[in-house]
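Notes follow the structure.
The values are calculated or read from the model by the stated rules, or taken from the named source; none is laboratory data. This one's a predicted model, so the numbers in the text were calculated from it and none came from an experiment. Every residue, glycine as well, gets a Cβ built from its backbone with ideal geometry; the counts of neighbours run over all protein chains shown. What goes into the accessible areas is simple: the full protein's heavy atoms, side chains included, and nothing from ligands, DNA or RNA. Shrake-Rupley method; radii C 1.70, N 1.55, O 1.52, S 1.80 Å.
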Amino acid sequence: MLGGFSGRRDILRPIELNLFGGSRPTSIAFHDRAAEYVFQRIATPEALDGRLATARSAGRPVILDFYAEWCTDCIRMEKTTFSDPTVLNQLSRFELLQVDVTDAADPDSKAIKQRFGVYGPPAIVFFGPDGDERPGRLYGYRNPTEFLSFLSAL
């Protein structure tokens with residue numbers, strides 16, 4: 001609760017703990033490999049259509065992730081699932097797109113949510129290399145094992 005009240009959004013590191021006091025900056029921290037993969041942010045329906053068309057012409061499947069800064073499960077997936085080395089390896093097969101739905105009043109993200117019938121994050125929609133949506137979506141948090149199992153079933 002202290003972390004949330006102080007503005008921290010990371011549920012896995014709600015507060016920084018300095019182990020040695022004073023000016024020594026050593027702290028307890030989780031290894032963050034999320035920077036090693038990049039979900040390309042999509043801001044408009046037109047941008048989404050363009051990226052889906054590009055992926056289709058290249059014959060690449062697509063993962064469309066609905067994310068919000070206030071979504072604790074989204075942050076947890078970034079810190080655990082999307083930073084897992086095996087998951088990162090599998091994600092390299094996909095075009096990774098992300099819609100930031102932090103602002104519920106944003107007309108563009110709202111239009112994309114309505115287009116796919118997504119009610120809120122985290123939600124993940126999958127498209128095949130042909131550009132068609134694959135059956136089955138993921139809603140809510142999935143640990144690395146669950147996420148990999150879903151990917152292998154696609």
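From the protein chains alone at 1.4 Å, what is the descending order of accessible area for 41, 134, largest first?
Ranked from most to least accessible, the order is 41, 134.
Using a Förster distance of 25 angstrom, determine the FRET efficiency expected from the C-beta separation of residue 110 and residue 134, and round it to 0.05.
So, using R0 = 25 Å, E works out to roughly 0.55.
To the nearest 0.05, how large is the calculated FRET efficiency for residue 90 and residue 57 if R₀ is 35 Å and r is the Cβ-Cβ distance?
Efficiency, rounded to the nearest 0.05: 0.95.
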